Amino acid sequence: MWYMHEGSGWWMVFGGIWMVVFWGGLIALVVWGIKKLSGQNSGKQSPIDIAKERYAKGEISKEEFERIKKDL
């Protein structure tokens, strides 16, 4: 009678792991949704950074870069 549930311990471990995965995924999804709706995007470059990058690649001359920098 005492050993009736002897093999069920592993199922409880897997259930606990799945519960953590489920709640972690749900929280990550909510955080992602809030960031998406708030318009927060850290991947955007400023116009001056784009001008610096274009100047470094040789797409624009020094005079053009200086004019862009002055306009911004």
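Among the residues of segment 15-49, the ones that are of a type outside the set (A, V, I, L, M, F, W, C) and either in a helix (DSSP H, G or I) or at pLDDT 90 or above (or both) come to 10 in all.
Scan segment 50-68 for residues that are in a helix (DSSP H, G or I) and in contact with a Phe, Trp or Tyr (Cβ under 9 Å, 6 or more places away or on another chain) and the total you get is 8.
The values are calculated or read from the model by the stated rules, or taken from the named source; none is laboratory data. The model shown is predicted, which means the values in this text are computed figures rather than measured ones. Note that each Cβ is placed from the backbone with ideal geometry, even for glycine, and that neighbours are counted across all protein chains shown.
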